[in-house]
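The values are calculated or read from the model by the stated rules, or taken from the named source; none is laboratory data. What you are looking at is a predicted structure, and each value in this text was computed from that prediction instead of being measured. When we count neighbours, we look across all protein chains shown, and the Cβ atoms used for this are built from the backbone with ideal geometry, even at glycine. When the accessible area is computed, the model is the full protein with side chains, heavy atoms only, and any ligands, DNA or RNA have been set aside. Shrake-Rupley method; radii C 1.70, N 1.55, O 1.52, S 1.80 Å.
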Amino acid sequence: MTVLVPPCAKTFDGAQVYDENSVEVPVWSATGFTGDATHGIELSPSDWSGVTGGYSGAGGLSVEIDTPGSMFGAGYELDHLTAATDLPAGKFYVDGDVLDISAYNDLPRVKEKEC
(Lines give C-alpha, C1' and ligand atoms only; values in the text may rest on other atoms or scores of the structure.)
Protein backbone atom coordinates (compact mmCIF):
# COMPACT_ATOMS: atom_id res chain seq x y z
CA MET A 1 0.00 0.00 0.00
CA THR A 2 1.23 3.49 -0.82
CA VAL A 3 -0.19 6.57 0.90
CA LEU A 4 0.08 10.27 0.14
CA VAL A 5 0.75 13.05 2.65
CA PRO A 6 0.74 16.80 2.04
CA PRO A 7 3.95 17.95 0.33
CA CYS A 8 4.84 20.18 3.29
CA ALA A 9 5.75 17.03 5.25
CA LYS A 10 9.44 16.39 4.66
CA THR A 11 10.58 14.13 7.54
CA PHE A 12 8.84 10.96 8.71
CA ASP A 13 9.45 9.46 12.13
CA GLY A 14 7.37 6.34 11.66
CA ALA A 15 4.21 4.72 10.38
CA GLN A 16 1.60 2.41 11.85
CA VAL A 17 -1.21 0.39 10.34
CA TYR A 18 -4.09 -0.83 12.50
CA ASP A 19 -6.65 -3.48 11.57
CA GLU A 20 -10.22 -2.27 12.13
CA ASN A 21 -10.65 -5.18 14.56
CA SER A 22 -7.49 -4.36 16.54
CA VAL A 23 -7.08 -0.62 17.01
CA GLU A 24 -5.05 -0.88 20.23
CA VAL A 25 -1.89 -2.40 18.75
CA PRO A 26 -0.65 -1.84 15.20
CA VAL A 27 -0.53 -4.90 12.94
CA TRP A 28 2.30 -3.23 11.00
CA SER A 29 4.77 -0.53 12.03
CA ALA A 30 7.88 1.06 10.57
CA THR A 31 10.72 3.42 11.43
CA GLY A 32 13.55 5.01 9.48
CA PHE A 33 11.93 6.31 6.29
CA THR A 34 14.27 5.78 3.33
CA GLY A 35 11.91 6.37 0.39
CA ASP A 36 10.98 9.33 -1.77
CA ALA A 37 7.77 10.87 -0.42
CA THR A 38 7.19 12.78 -3.67
CA HIS A 39 6.07 9.44 -5.11
CA GLY A 40 3.97 8.49 -2.09
CA ILE A 41 4.99 6.61 1.03
CA GLU A 42 5.05 2.90 0.48
CA LEU A 43 4.07 0.91 3.54
CA SER A 44 6.52 -1.91 2.91
CA PRO A 45 10.14 -2.69 3.77
CA SER A 46 11.29 -0.94 0.57
CA ASP A 47 10.68 2.56 2.05
CA TRP A 48 11.64 1.92 5.69
CA SER A 49 14.74 0.62 7.47
CA GLY A 50 12.78 -1.11 10.25
CA VAL A 51 9.46 -2.89 9.68
CA THR A 52 7.47 -5.27 11.89
CA GLY A 53 4.24 -7.11 11.28
CA GLY A 54 2.00 -7.31 8.24
CA TYR A 55 -1.42 -6.15 7.15
CA SER A 56 -2.38 -8.53 4.36
CA GLY A 57 -5.80 -10.04 4.88
CA ALA A 58 -6.98 -7.25 7.18
CA GLY A 59 -10.53 -5.96 6.86
CA GLY A 60 -10.48 -2.19 7.12
CA LEU A 61 -7.29 -0.35 7.94
CA SER A 62 -6.30 2.78 9.81
CA VAL A 63 -2.97 4.31 8.78
CA GLU A 64 -0.86 6.85 10.68
CA ILE A 65 2.26 8.60 9.39
CA ASP A 66 4.22 10.46 12.07
CA THR A 67 6.28 13.59 11.38
CA PRO A 68 8.16 15.70 13.94
CA GLY A 69 5.27 18.18 14.23
CA SER A 70 2.19 16.29 13.03
CA MET A 71 0.47 13.00 12.51
CA PHE A 72 -1.28 12.29 9.22
CA GLY A 73 -3.91 9.59 9.24
CA ALA A 74 -6.49 7.92 7.08
CA GLY A 75 -9.01 5.15 7.40
CA TYR A 76 -9.82 2.63 4.72
CA GLU A 77 -12.92 0.47 4.86
CA LEU A 78 -12.84 -2.82 2.98
CA ASP A 79 -14.68 -1.40 -0.07
CA HIS A 80 -12.14 1.45 -0.29
CA LEU A 81 -9.28 -1.03 -0.13
CA THR A 82 -10.86 -3.02 -2.94
CA ALA A 83 -11.27 0.14 -5.07
CA ALA A 84 -7.63 1.09 -4.42
CA THR A 85 -6.23 -2.29 -5.44
CA ASP A 86 -4.32 -2.69 -8.72
CA LEU A 87 -4.38 0.97 -9.74
CA PRO A 88 -1.97 2.01 -12.51
CA ALA A 89 1.45 3.26 -11.40
CA GLY A 90 1.28 6.85 -10.14
CA LYS A 91 -2.48 6.73 -9.45
CA PHE A 92 -4.00 6.84 -5.97
CA TYR A 93 -7.47 6.34 -4.51
CA VAL A 94 -8.41 9.58 -2.70
CA ASP A 95 -11.89 10.04 -1.22
CA GLY A 96 -13.62 8.02 -3.93
CA ASP A 97 -11.60 9.40 -6.85
CA VAL A 98 -8.48 8.14 -8.60
CA LEU A 99 -5.89 10.93 -8.70
CA ASP A 100 -2.24 11.39 -9.53
CA ILE A 101 0.08 13.16 -7.09
CA SER A 102 -0.27 16.52 -8.85
CA ALA A 103 -4.07 16.45 -8.57
CA TYR A 104 -3.79 15.40 -4.90
CA ASN A 105 -1.40 18.29 -4.15
CA ASP A 106 -3.86 20.71 -5.82
CA LEU A 107 -6.74 19.75 -3.50
CA PRO A 108 -7.63 22.82 -1.40
CA ARG A 109 -7.31 20.97 1.91
CA VAL A 110 -3.83 19.72 0.94
CA LYS A 111 -2.62 23.12 -0.31
CA GLU A 112 -3.82 24.79 2.90
CA LYS A 113 -2.34 22.16 5.25
CA GLU A 114 0.32 23.58 7.51
CA CYS A 115 2.91 21.24 8.92
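Observations
- Cα→Cβ-extended label distance, 7 Å offset, between T34 and S22, nm: 2.5 nm
- Ligands, DNA and RNA left out, the 1.4 Å accessible surface of the chain is 50% carbon and sulfur atoms.
- Residue-normalised accessible area of the stretch 1-91, given per residue in Å² at a 1.4 Å probe: 54 Å²
- Of the residues D100, D95, the one with the largest accessible area comes first in the ranking D95, D100, computed with a 1.4 Å probe on protein heavy atoms.
- Extension gain, S102 to D79: 0.36 nm times the residue separation minus the Cα-Cα distance gives 5.8 nm.
- Cα-based shape type of the stretch 59-112, given that a ≥ b ≥ c are square roots of the gyration tensor eigenvalues and the cut on a/c is 1.5: oblate
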